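Structure first, commentary second.
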Amino acid sequence: MIEIVSGAVKLRQHQIGDLEDIHLWENDPELLVLNSETEAPWSRDETSEHLVRWISSHERRLNSLYFAVCSESDDKLIGFAALALIDPIHDRCRVAVTIGDRSYWGKGYGFHTLFGLLVFAFSYLRLHRVVAEVYDFNERALALVKKLGFEQEGQMRENVWKRGRWSDELVFGLLRREFEARTRPLAGARVSLDGVWGEMAHDRALDANSRKA
Ligand SMILES: CC(C)(COP(=O)(O)OP(=O)(O)OC[C@H]1O[C@@H](n2cnc3c(N)ncnc32)[C@H](O)[C@@H]1OP(=O)(O)O)[C@@H](O)C(=O)NCCC(=O)NCCS
């Protein structure tokens, strides 16, 4: 079990009861343009299969870890997020955030979601580097990653066919030392952790002194 509270956001393991909202958001044309390579909607069976895998990612050490994003005050599901392709050899992962309920946009929920994920990735999993890939027209997401200190490292020119034209995909990276220098990570989020991910965090904390800075 992993629970991360960051500002007004709580990140928790998904539940089967999340299915209806996730299915709605994974079939929302505007969200698909902003955050999906293929823009292919999911059938109900596909959403259900994905949700089962997302739930099990908290119980088994899969290479991606999926979170339900909730409003902390009333536990309402408002989106989903992930640390993807967690690589314990090169100490890196990718990050993805979707606030599916648009009535929560522009109120800091995306910021606190990403901040909580970064605290977990850097301070608990002791990763060295987190990558975010953002389409060049996604202004909210661009502003969000820049606000948290990500540096643009690459530009995949005309990498995706979106909205009837080619768009660039921008690659952003953030290093642990940069995040820690800008923020007081542990003061900014509360993390409850046990199970396989707790063991991993424990092992990596013990190993931290011998690892590359
Ligand atoms: C991108 C997304 C996660 C941002 O979440 P959010 O809750 O709207 O963002 P926040 O309110 O936390 O704002 C964070 C920053 O985004 C920027 N931002 C917020 N509203 C904005 C707007 N209307 N236009 C441009 N930038 C905006 C601001 O820089 C803001 O910082 P500020 O509050 O200091 O001004 C959310 O819009 C979303 O889920 N979009 C669809 C999915 C998606 O694009 N995911 C990212 C894929 S890489």
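The values are calculated or read from the model by the stated rules, or taken from the named source; none is laboratory data. The structure displayed is predicted, hence computed values, not measured ones. Cβ sites come from the backbone with ideal geometry, for glycine too, and all protein chains shown count toward neighbours. When the accessible area is computed, the model is the full protein with side chains, heavy atoms only, and any ligands, DNA or RNA have been set aside. Shrake-Rupley method; radii C 1.70, N 1.55, O 1.52, S 1.80 Å.
Key figures for this structure:
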read-out	value
Solvent exposure, largest accessible area first (probe 1.4 Å, DNA, RNA and ligands not counted), of Lys10, Lys146, Lys162, Lys76	Lys146, Lys76, Lys10, Lys162
Accessible-area composition of the chain, carbon plus sulfur, in percent [1.4 Å probe]	49
Convex hull per residue volume in Å³, alpha carbons only, for the chain	118
Charge dipole (the chain, unit charges on Cβ, about Cα centre) - positive-most of Leu186, Tyr109, Gly79	Leu186
Over the range 1-99, relative contact order from alpha-carbon pairs under 8 Å, at least 6 apart, %	26
Cβ-based charge dipole, the chain, positive-most Cα from Tyr124, Gly198, Val52	Tyr124
Surface accessible to a 1.4 Å probe, per residue, for the residues of the range 1-132, Å²	43
Share antiparallel - DSSP beta bridges, the chain, percent rounded to 5	95
Accessible area in the full protein assembly, largest first, 1.4 Å probe, for Trp54, Trp161, Trp42	Trp161, Trp42, Trp54
Simple label model, 7 Å out from Cα along Cβ direction - Glu153 to Asn63, nm	1.7
C-alpha center-to-center spacing [the range 22-87, the range 174-193] in angstrom	24
Lysine pairs in the chain with Cα atoms under 17 Å, if 8 or more residues apart or on separate chains	5
